[in-house]
Structure formats: structure tokens, C-alpha cells
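Here is the structure we will look at.
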Amino acid sequence: MELVKHNPAKKRSVYKADGLYHKVWHFSDPRWLAEHFETLQSVCPELPRDWHYGDHDMTLIMNTVPGTPASEYPHTEQFVDAVYTACVNNIDNTRPLYHGDWCLSNMIVNDDRIVFIDWDNVNYYPEAMVWEKLHSDLHSAFGELFLKYCDRNKYCYGRS
């Protein structure tokens, strides 16, 4: 297994093996993992493959998503629009559950489609909080370009 990411603060590591990702939490809460797996199956059924746990850790096995991380694309207004539109569509499609972490490294671009990965924060959130977090994440990703985009697109500030 190849270590892809290690986050000691979150007690989590991600490995890649045989075309699958293995997200390992270095603690064990099987009830949470079973609920999380079921939630993932409802919001992104193409990603979760399996899960298991032991006394000291638990693992979520995920399918890989072909494509390129959105973080590797040039920041153009057209790309901001594509990302924002994908996020809005994702919010609409998964409601009342929300991804909750719209950083570019959690998006994979595959042709004309943007797929969301890393659903660790998926939960029920108040809708106003969802829009605030989305805009905060995209402002962090795109900086002033996102603010200019929002100024030109009044629908950018949330929907009723």
C-alpha cells in the first residue's frame, strides 16, 4: 500500500492499493463508520466500496475517481463558474445532506464533469450555513477572482 496522505491531528491516513483508496482512522467507532458508509451510499453511491474495523482502527475502502484534481486547473472565470455550478448542483442533489468541504482538492474533474470526493464532513447543516461555508471555501480557493465572479452573478449569494 502506498501512503497518500497522513493527518496526525485527525488521526487519519489514506493509502492507495489495487486501484482503491483505503482511508484509515487510527481509532475505532464502528457505529459511526457504519452510519457514515450508509450515508455515503446515499449521496455518492459510486465511491464507497466497503468498510471494516478493529480494536484500534477502522477503514473505509473507496473507489478511485478518474480525472484531475480541480486544484491543478488554472483559475479562470470560466473555471470558477464550472466549479460554482457543480457545487450548487451537488447541494441541490444531496439535500438535506451536504458535503461540507468544498476545497478544490476535494473535486475531481473528469471531462466536463466535476466529482466530489472526501465526504468526511457530510452532514445535515442549516442551509444558510451551507451557503456561507461554500462561499468561504471558494473564496479561499479563488481569492478575489471569486468575489468578482459573485459581483457579476447575483445568484452567487445563495438560493431560497
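Computed from the coordinates by the stated procedures, all read-outs in this text should not be read as laboratory data. All of these numbers come straight from a predicted model, not from anything done at the bench. Because the Cβ atoms are built from the backbone with ideal geometry, glycine has one as well, and the counts that use them run over all protein chains shown.
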Lys and Arg at +1, Asp and Glu at -1: neighbours of Pro48 with Cβ under 15 Å from its Cβ sum to -4
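To the nearest 0.05, what FRET efficiency results for Ala34 and Glu72 with a Förster distance of 30 Å applied to their C-beta separation?
Numbers: r = 34 Å, r/R0 = 1.14.
Efficiency, from the Cβ-Cβ distance: 0.30.
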Work out the count of Lys pairs in the chain where the Cα-Cα distance is under 13 Å, with the pair 8 or more places apart or on different chains. 4
Can you list the cysteines of the chain that have no other Cys Cβ under 4.7 Å away? Cys44, Cys87, Cys103
Dipole magnitude of the chain, debye to nearest 20 (Cβ charges: Lys/Arg +1, Asp/Glu -1, about Cα centre): 220 debye
Gyration tensor (Cα only) of the chain to equivalent ellipsoid, semi-axes in Å sorted down, yields 29, 18, 14
Please report, in whole Å, how far the alpha carbons of the stretch 15-72 spread along each principal axis, starting with the longest. 37, 24, 21
